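As structure tokens, the structure follows; a few thoughts come after it.
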Amino acid sequence: MNKKIMDEAALGRAVMRISHEIIEKNKGTENIVLVGIKRRGIYLGQMIHDNIMKIEGVDIPFQTLDIHFYRDDLTKESDAPVYNAENSEFEVTDKKIILVDDVIYTGRTVRAAIEAIFTMGRPSQIQLAVLIDRGHRELPFKADYIGK
């Protein structure tokens, strides 16, 4: 049984609210880099990016991040990722990185994403935007922006 959490209108409102909150909390868009965590964070990140562009008239950087290489929950050798140079290299030093994912649950994806970001440099801040917070953390992470 599939339970529908949000309809299309609710999704649009939640993403628009997150977009406004990002602008307000950061007092604009200066030094912000939106980073969509592959897979589903990319779609949400692109929606937030497009909203911020409409609201502010500014095309902020939008990047994608493949965290598979940094996962700590791979149990089989066959799960081990093969590093690929396209696995996201972009400037993070002194930037406000806003990680975007669809859901936060255990916190392991966030941990892996932060580890990946720090291999690229030292951001001034890392913030987290998610559409859904499922609770039940195994690691102490909290989203800065939550759709529902």
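The values are calculated or read from the model by the stated rules, or taken from the named source; none is laboratory data. The shown structure was predicted, so the numbers you read here are calculated from the model rather than taken from an experiment. Every residue, glycine as well, gets a Cβ built from its backbone with ideal geometry; the counts of neighbours run over all protein chains shown.
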Where residues in the stretch 1-50 are modelled with pLDDT of 95 or more, among the β-branched types (Val, Ile, Thr) and outside any helix (DSSP H, G or I), which of them is surrounded by the most Cβ atoms within 10 Å (Cβ to Cβ)? Val35
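Per-residue answers, yes or no, for (1) among the basic types (Lys, Arg); (2) modelled with pLDDT of 90 or more; (3) over 13 Å from Ile67 (Cβ atoms); (4) part of a strand (DSSP E or B):
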site: Leu99; (1), (2), (3), (4): no, yes, no, yes
site: Val110; (1), (2), (3), (4): no, yes, no, no
site: Ala113; (1), (2), (3), (4): no, yes, no, no
site: Pro123; (1), (2), (3), (4): no, yes, yes, no
site: Ala129; (1), (2), (3), (4): no, yes, yes, yes
Return the residues of the stretch 104-131 that are of a type in the set (A, V, I, L, M, F, W, C) and over 12 Å from the mean Cα position of the chain (by Cα); say none if nothing qualifies. Ala116, Phe118, Met120
Tell me whether the stretch 65-74 contains one or more residues that are modelled with pLDDT of 95 or more and crowded, with 19+ Cβ neighbours inside 10 Å. no
